[in-house]
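Engineer: Have a look at this one.
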Ligand SMILES: *Cc1c(COP(=O)(O)O)cnc(C)c1O
């Protein structure tokens, strides 16, 4: 039976990425060696790193004055690396979920943190609005897509201070105006590559403004100056990331991805709103295109486990909601085909026919 992969992360990758990476594990670029056993200083791997960096910039239309780096440590290390490199006195944060809270916790180790808005009062089911970004903050931090709760900031906001964004789960899902951001980072395992590589897009001029000494590996400058080759990079995940970037380019780039992502999300949200058994969990205007959360309606609550079993038996994999929200979450990253969304909708309709 066909499996439809709705996992939130690690998550579905293009078949192109998986096939090419599998080939390179056996024979990388005709070297007769595996990409897992070749020196990162070999000319073949150096070419992979520079192509990945260039293609990353090209696809996101990243302007001059920005660097792209690939490092280890996950987005969770970035939570500390951002304030380590940028926070002198005070930073502003928007609290939109579990990942924001973790970022805030790390920033507090380095200075004052002003939380300018929070949706924690309603289990992060909306994006706070009407907040004021203090003009004396060193930067303002947002999480553009809240993977666990299914809300998303889909507009590039204006900020009077340098804007920093965790885009772990929506990078490459829509075109971006990178010039509005000072720093964008994310773990690659949601929409780009297998786990192990973290990307950062850094506006060069924001660096070098804090007084504290920064450990070499946690200093953005180290990785920028050495073009992500200061130490051994996660070679295999970087190779896979390059394949996804090539796939993105071959499939119309990010503009085409956004169109497809809107189509997929519309199909599923329409069904959630129509189906008698289910309802969405977040404010409609803040709904994520990447992580679609839904629960059973009150009167059908006791059917939750049964629907999960039913859907899983039909090949729907990874639709359990995060333990803090319950219900269901279907992640609809770039590589997920429209057919998978349609298959889930069919299962929801069939279950409704049986039960309602
Ligand atoms: C998954 C995720 C993280 C954590 O990423 P790691 O690479 O596991 O550290 C942080 N932020 C967001 C928005 C995420 O979805």
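The values are calculated or read from the model by the stated rules, or taken from the named source; none is laboratory data. Given the structure is predicted, the values throughout are model-derived calculations rather than measurements. Heads up, the Cβs are rebuilt from the backbone with ideal geometry, glycines too, and the neighbour counts pull from every protein chain shown.
Engineer: If a residue must be buried (at least 23 other Cβ atoms within 10 Å of the Cβ) and within 16 Å of the ligand (Cβ to nearest atom), how many such residues does the range 80-93 contain?
Structural biologist: Within the range 80-93, residues that are buried (at least 23 other Cβ atoms within 10 Å of the Cβ) and within 16 Å of the ligand (Cβ to nearest atom) number 4.
Engineer: Sort through 74, 117, 65, 111 and tell me the only one that's in the same structural domain as residue 194 (by TED's automatic domain parsing), over 19 Å from residue 133 (Cβ atoms) and more than 14 Å from the ligand (Cβ to nearest atom).
Structural biologist: 65
Engineer: So, in the range 143-177, of the ones that are away from the ligand (no atom under 16 Å from the Cβ) and under 20 Å from residue 81 (Cα atoms), which residue ends up nearest to the chain's Cα centre (by Cα)?
Structural biologist: Kept after step one, since they are away from the ligand (no atom under 16 Å from the Cβ), are these residues of the range 143-177: 155-162, 175, 177.
Then drop every residue that is not under 20 Å from residue 81 (Cα atoms), which leaves 161-162.
Details: 161: 23, 162: 20 Å.
Residue satisfying both the conditions and the ranking: 162.
Engineer: Here is a follow-up. If residue 68 passes every condition in (1) buried (at least 18 other Cβ atoms within 10 Å of the Cβ); (2) touching a residue at least 24 places away in the same chain (Cβ under 8 Å); (3) farther than 18 Å from residue 144 by Cβ but one, which one does it miss?
Structural biologist: Condition not satisfied by residue 68: (3).
Engineer: Could you tell me how many of the residues in the range 167-205 are over 17 Å from residue 219 (Cα atoms) and in a loop (DSSP other than H, G, I, E, B)?
Structural biologist: 21
Engineer: Can you tell me which residue within the range 37-55, out of those that are surrounded by 12 or more Cβ atoms within 10 Å (Cβ to Cβ) and more than 25 Å from the chain's Cα centre (by Cα), is farthest from residue 225 (Cα to Cα)?
Structural biologist: Among those residues, the one meeting the criterion is 38.
Engineer: Name the residue, out of 183, 192, that is more than 12 Å from the ligand (Cβ to nearest atom) and either modelled with pLDDT of 95 or more or not assigned by TED's automatic domain parsing to the domain that holds residue 223 (or both).
Structural biologist: Sole residue among the options that is more than 12 Å from the ligand (Cβ to nearest atom) and either modelled with pLDDT of 95 or more or not assigned by TED's automatic domain parsing to the domain that holds residue 223 (or both): 183.
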